[in-house]
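The values are calculated or read from the model by the stated rules, or taken from the named source; none is laboratory data. The structure presented is a predicted model; accordingly, all values stated were derived computationally and were not measured. Neighbour counts are summed over all protein chains in view; Cβ atoms, including those assigned to glycine, are modelled from backbone coordinates with ideal geometry. Heavy atoms of the whole protein, side chains included, go into the accessibility calculation; ligands, DNA and RNA do not. Shrake-Rupley method; radii C 1.70, N 1.55, O 1.52, S 1.80 Å.
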Amino acid sequence: MENGKCNGGATAKLPEIKFTKLFINGKFVDAASGKTFETIDPRNGEVIAKIAEGDKEDVDLAVNAARHAFDHGPWPRMTGFERARIINKYTDLIEQNIEELAALDAIDGGKLFQMGKVGDIPAATGHFRYYAGAADKIHGETLRMTRPSLFGYTLKEPIGVVGHIIPWNFPSIMYAMKVAPALAAGCTMVVKPAEQTPLSALFYAHLSKEAGFPDGVINVVTGFGPTAGAAIASHMDIDKVSFTGSTDVGRTIMQAAAASNLKKVSLELGGKSPLLIFDDADVNKAADLALLGCFYNKGEICVASSRVFVQEGIYDKVVEKMVEKAKDWTVGDPFDSTSRQGPQVDKKQFEKILSYIEHGKNEGATLLTGGNAIGDKGYYIEPTIFADVTEDMKIYKDEIFGPVMSLMKFKTVEEGIKCANNTKYGLAAGIVSQNVDVINTVSRSIKAGVIWVNCYFAFDLDSPYGGYKMSGNCRESGMDALDSYLQVKSIAMPLHNSPWL
Amino acid sequence: MAARRVSSLLSRSFSAASPVLSRSQGRNGYNGSRMVRRFGTSSAAEEIISPSVQVSYTKLLIDGNFVDAASGKTFPTLDPRTGEVIANVAEGDAEDINRAVKAARKAFDEGPWPKMTAYERSRIMLRFADLVEKHSEELAALETWDNGKTYEQAKTAEIPMLARLFRYYAGWADKIHGLTVPADGNYHVQTLHEPIGVAGQIIPWNFPLLMFAWKVGPALACGNTIVLKTAEQTPLTAFYVGKLFLEAGLPPGVLNIVSGFGATAGASLASHMDVDKLAFTGSTDTGKVILGLAANSNLKPVTLELGGKSPFIVFEDADIDKAVELAHFALFFNQGQCCCAGSRTYVHERVYDEFVEKAKARALKRVVGDPFKKGIEQGPQIDSKQFEKVMKYIRSGVESNATLECGGGQVGDKGYFIQPTVFSNVKDDMLIAQDEIFGPVQSILKFSDVDEVIRRANNTRYGLAAGVFTKNIDTANRVSRALKAGTVWVNCFDVFDAAIPFGGYKMSGNGREKGIYSLNNYLQVKAVVTPLNNPAWI
């Protein structure tokens, strides 16, 4: 192996697959068509389980259940605190099942088992606890009306039935990030997990029943985008659709919403996020952040720092350090605790990434390290770094969603800002510098929803996150996320003889 | 929504427990007034029920340990049913306050409490709420024993509300936001909402655990450390929950609890140079002293939640039966020992006679007796001093020629039980219409139009709460805005949710407790200003 040490196949105890059917109105049921699809272990391409393949008819059933639960059920009529009690119970149950959930995401998504246990699943429980705490803190406002005889106030009402379409790269966190604020707001929902990673969502569905959510509040329909996903996006009885995934599919979702009932759409899409390393940066730390930012979760993360810009005074040192460190970036079985990178999620992604690596070579970028698949089984790829990448190259412009870094040199702060913004995306950005002026200027200048200064992936429950430009149109996490699931209603009425206005 | 509130409130006030602070029970609790004898044949003189709880904690909680007072002194805490001693409790004084402040100072300055993540703080508060639920029976029994409130009220309303409040504040801990602020030039401005430091908190005896929650909840959520002085009448439950907080993982020194008297322990806390913030709930007179001590020492900011003489206004279009029930509840709940008690019942002249008759009938049905007994609506007053004070006001009412409709005397010959008392034909200039009685004495006054009742309702030095009973939206909106009071309940009363702010206008206090507003009491706002070079926007 040229770089990226590959450890041997680990023999971890694999999880038993208990739930493979659609979860509708509190019950696990087969797809109406009776059809199933295979979910694959990306370590070896083998079938893990056959999963019910939901389609339009199943989405209709799920929406009916959610509609009934919203229009007639107790959920939106409970106090925020009562909803919070159930959400907290759900959280406790998830916490009791951390091992199993982490194992499901590892076998289904090729994600590191250890990281699941200490990272993904605790982050998911964090989201649920955070929004349990938010459920009784959704405030409207009383207004200062400009006309002399009016009293006005706003109510923040739950938006209704929500469709959530979630991606495969962080099955648990994405589930929690979408489901938790919608629950807190008092919505009911239909969740469609990605066809690559349906297992943990079904397990979460099972736990929701145990936690005591009324039937129909959470429904999970497994299936494919063009069928089940499209049915959600174009459903006339869904009030809101929330989607995380690629920019192309996001566009389709928005079109479907526009062509059907103009449902509100929240999109959290792709990125080509810049990391700017300035001359005064600590070389060692900057190299660590760049590698982490680009290769974490095998590069399958929408905020990956896939364009690394290094100021010329420090460029050579950073490059040398990064190449050296990349060799220690261990690729291997996600159940092995020494692995830092597992396999790509599926064959399609695997081949897409390798084709981008070929483009990089053909377009004249300098391959510093990596560039190959690893082994002959499963979808492992070496951490790959290209230097001398220019703005016209495909690997500079496109979201690769794999462990492939493009490295560029810049001279001045102004040039760095210009380069960073030279993209259709605007999701995240990183700045490595100790200079407060540089940091403040660059932070405000980069058109991106999240700026990480001397850190990366500094996600936080309380910190909103989402995109500028073609990276999306909403914010998730934090109190801002609640807005996606609330309608604002203004109420006005005459006011007579008020002693103040 | 409003209708649901009213119905649940009504059903709970019909029930013996009057679980005002929770809406989850009471709908089927109609047993009270039907099954148990009325106060005239009260059970107060019958054999006293022994509480099924041990008094395990009687010492000061300082720096994570239960310790004797430095002086070694103790004082007795009494059972208001009998006047007998429940336990002897450590009597904290200036030296103990010094020790507690030192521990709180260290816990704040050196951590780990304010240095923990907000999420970790919230987890500890959530664990505490779980423990409160686990020990709800012991806590309720202890609260009833020490205070005289009914066990059903403590068990079904107050202890659940204690847990609920801490869950509420746990949810705030990781949502306390400063702002980034626009500037008039090239500056980046942010506000940091920092914990204020060591908070001194002095709580009253009428709702010992709820007042604990109103004070301790927001202070902890914001990352402060605390020295809490309990009322000398009711020191027991705070120690118990202090122990539960340690069990939940609260670091030593974060919450220190000193039992003792106002003039000694309370005064030294209020005038301490190392206490950064003071919060007090109690009488207006004591509030003035507290504010003076803060001013004379280190100018610590002070939150005061003081007395009241809250109007309860019944318009002619109101549902009279509901209004009678709620007015009764607004005044008699918790033996009339509520700062927001609806102690001036203004009734429109067209419905006045009917109202008085029904209010009297309702008061006569009120069941007074051993608060541990099921079905009892009213226990004893807290102590002999309060008992004497209430009796004095009843005499004053009679002497000033108000009509005593019912009650007016003691119940039984032991403890501090008082008959539910109703005066009609009360005039604004009578003492019983002006002073806070803090006992089961309802004063009913007559009015004839909206302007008049607004003027009269506001003609008081207090401004804590008010009730407005009408079906007319214009009346409701107008009167709500015109009343100078921190809370206006329209067609309901004593709705005390965690998120609803509470506090007074005028001499009823300053600051607001509960809700998002309560966080301001325990935060410093720091503005951080940095120049910007070549900003992309301002």
| Given (1) of a type outside the set (A, V, I, L, M); (2) modelled with pLDDT of 95 or more; (3) in contact with a helix residue (DSSP H, G or I) (Cβ under 8 Å, 6 or more places away or on another chain), index of the condition residue A:27 fails | (3)
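Here is a yes/no grid of residues against (1) hydroxyl-bearing (Ser, Thr, Tyr); (2) at pLDDT 95 or above; (3) buried (at least 22 other Cβ atoms within 10 Å of the Cβ):
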residue: A:222; (1), (2), (3): yes, yes, yes
residue: A:237; (1), (2), (3): no, yes, no
residue: A:241; (1), (2), (3): no, yes, yes
residue: A:245; (1), (2), (3): no, yes, yes
residue: A:253; (1), (2), (3): no, yes, yes
| note | The one condition residue A:460 fails out of (1) farther than 17 Å from residue A:177 by Cα; (2) within 14 Å of chain B (Cβ to nearest Cβ); (3) among the charged types (D, E, K, R) is (1)
| said: When you check residue A:335 against the structure, is it open to solvent by less than 30 Å² (accessible area, probe 1.4 Å), assigned to a loop (DSSP other than H, G, I, E, B) and either of a type in the set (Ser, Thr, Tyr) or touching a helix residue (DSSP H, G or I) at 6+ places or on another chain (Cβ under 6 Å) (or both), yes or no? | reply: yes
| task | Pick out the one residue from B:133, B:138, B:152 that is closer than 22 Å to residue B:81 by Cβ and open to solvent by 40 Å² or more (accessible area, probe 1.4 Å). | result | B:138
| task | Quickly run through segment B:491-501 and pick out the residues that are open to solvent by 10 Å² or more (accessible area, probe 1.4 Å), within 14 Å of chain A (Cβ to nearest Cβ) and not aromatic (Phe, Trp, Tyr). | result | B:497, B:499, B:500, B:501
| So which residues in segment A:440-470 are without any contact (Cβ under 8 Å) to a residue 24 or more places away in the chain and in contact with a His (Cβ under 9 Å, 6 or more places away or on another chain)? | A:440, A:443, A:444
| field | Filtered residues of segment B:285-305 (kept if of a type in the set (Asp, Glu) and either assigned to a helix (DSSP H, G or I) or open to solvent by 30 Å² or more (accessible area, probe 1.4 Å) (or both)) | value | B:285
| query | Given the conditions (1) open to solvent by 10 Å² or more (accessible area, probe 1.4 Å); (2) in contact with a helix residue (DSSP H, G or I) (Cβ under 8 Å, 6 or more places away or on another chain); (3) of a type in the set (D, E, K, R), which single one is not true for residue A:147? | reply | (2)
| remark: Filtering segment B:179-200 for residues that are assigned to a loop (DSSP other than H, G, I, E, B) and open to solvent by less than 50 Å² (accessible area, probe 1.4 Å) leaves a count of 4
| Just checking, how many residues over segment B:256-274 are assigned to a helix (DSSP H, G or I) and either in contact (Cβ under 8 Å) with a residue 40 or more places away in the chain or open to solvent by less than 40 Å² (accessible area, probe 1.4 Å) (or both)? | 8
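Results for (1) assigned to a loop (DSSP other than H, G, I, E, B); (2) open to solvent by less than 50 Å² (accessible area, probe 1.4 Å); (3) aromatic (Phe, Trp, Tyr); (4) away from chain A (no Cβ under 14 Å), shown as yes or no for each residue.
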| site | (1), (2), (3), (4) |
| --- | --- |
| B:413 | yes, no, no, yes |
| B:455 | no, no, no, no |
| B:474 | no, no, no, no |
| B:489 | no, yes, yes, yes |
| When you look at residue B:529, is it within 14 Å of another protein chain (Cβ to nearest Cβ), β-branched (Val, Ile, Thr) and closer than 30 Å to residue A:438 by Cβ, yes or no? | yes
| field | Answer residue from segment A:73-104, given it is polar (S, T, N, Q) and within 11 Å of chain B (Cβ to nearest Cβ) and is farthest from the chain's Cα centre (by Cα) among those | value | A:79
| query | Counting only residues that are within 11 Å of another protein chain (Cβ to nearest Cβ) and open to solvent by 70 Å² or more (accessible area, probe 1.4 Å), how many does segment B:94-119 have? | reply | 1
| task | Within segment A:111-133, identify whether any single residue is among the basic types (Lys, Arg) and not in a helix (DSSP H, G or I), and answer yes or no. | result | yes
| Is segment B:164-174 home to any residue that is without any contact (Cβ under 8 Å) to a residue 40 or more places away in the chain and either of a type in the set (A, V, I, L, M) or away from every other protein chain (no Cβ under 13 Å) (or both)? | no
| Matching residues, segment A:76-92, being of a type in the set (A, V, I, L, M) and either in a loop (DSSP other than H, G, I, E, B) or open to solvent by 30 Å² or more (accessible area, probe 1.4 Å) (or both) | A:78
| note | The lone condition residue B:241 fails out of (1) in a strand (DSSP E or B); (2) among the β-branched types (Val, Ile, Thr); (3) modelled with pLDDT of 95 or more is (1)
| Looking only at segment B:184-222, which residues are away from chain A (no Cβ under 12 Å), touching a residue at least 60 places away in the same chain (Cβ under 8 Å) and aliphatic (A, V, I, L, M)? | B:192, B:196, B:198, B:199, B:202, B:203, B:209, B:210, B:211, B:219, B:220
| Taking the condition within 16 Å of residue B:336 (Cβ to Cβ) and either in contact with a Gly (Cβ under 6 Å, 6 or more places away or on another chain) or among the charged types (D, E, K, R) (or both), does residue B:392 pass? | yes
| remark: Of the residues in segment B:275-284, those that are assigned to a strand (DSSP E or B) and out of contact with any Phe, Trp or Tyr (no Cβ under 8 Å at 6 or more places or on another chain) come to B:278, B:279, B:280
| Tally, over segment B:429-472, of residues that are of a type in the set (Lys, Arg) and within 29 Å of residue B:409 (Cβ to Cβ) | 1
| task | Taking the residues in segment B:459-472 that are surrounded by 18 or more Cβ atoms within 10 Å (Cβ to Cβ) and in contact with a Lys or Arg (Cβ under 7 Å, 6 or more places away or on another chain) as candidates, determine which candidate is nearest to the other protein chains (Cβ to nearest Cβ). | result | B:463
| query | Out of all the residues in segment A:463-501, which are within 11 Å of chain B (Cβ to nearest Cβ), open to solvent by 70 Å² or more (accessible area, probe 1.4 Å) and not in a loop (DSSP other than H, G, I, E, B)? | reply | A:480, A:494
| said: Which residue is nearest to the other protein chains (Cβ to nearest Cβ), if the candidates are limited to segment A:402-447 and must be under 22 Å from residue A:169 (Cβ atoms) and open to solvent by 10 Å² or more (accessible area, probe 1.4 Å)? | reply: A:423
| task | Being open to solvent by 20 Å² or more (accessible area, probe 1.4 Å) and hydroxyl-bearing (Ser, Thr, Tyr) is the filter here, so list the residues in segment B:335-386 that pass it. | result | B:384
